[in-house]
Amino acid sequence: MSAKAGPKVIALEEHFTSPKLRALRGEKDTPVQRKLDDLGSLRIAEMDEAGIDVQVISENNPATQNLDAETSVKLACESNDVLHEAVRAHPDRFAGFATLPTPDPKAAADELERAVVKLGFKGAMIMGLTHGRFMDDKQFRPIFERAVALD
């Protein structure tokens, strides 16, 4: 994409599906799913066509939020590592929002810190409910306390 004058167009809440979460959820191979699977040339071509300079990408809904705590922690970390590799490959086009293992709030806070400090992500994308609980439930405070500490 050639440099253009004026402000950059940055698209938020752009999603992808990591391979292990896709396999776990059994998503079918559809045109939309193929777009969610792509973190490279197809995505960039569509960004160029739409005039988008940068996408801030996050795992597709419901990410890891409705899994058991142990599985959620493992797959959130793996999802963030997949996204990190895509951002490293295309740093001028992609940025990341972390997937957090909210069923384990302490681990979610730790993963937020790892994603921001070590992976360079811009923050996290949280998908509403975790096992039927809204994010303002007291149990999730460690996540927000860490977010405050990370500024």
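The table below gives the values:
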{"item": "Residues satisfying the stated conditions in the range 3-53, i.e. open to solvent by 90 Å² or more (accessible area, probe 1.4 Å) and of a type in the set (Asp, Glu)", "result": "Glu13, Asp29, Glu49"}
{"item": "Members of the range 113-131 that are part of a helix (DSSP H, G or I) and either open to solvent by less than 10 Å² (accessible area, probe 1.4 Å) or modelled with pLDDT under 95 (or both)", "result": "Ala115"}
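The values are calculated or read from the model by the stated rules, or taken from the named source; none is laboratory data. Please read these numbers as outputs of a predicted model, since none were measured by experiment. For accessibility, only protein heavy atoms count, side chains too; no ligands or nucleic acids. Shrake-Rupley method; radii C 1.70, N 1.55, O 1.52, S 1.80 Å.
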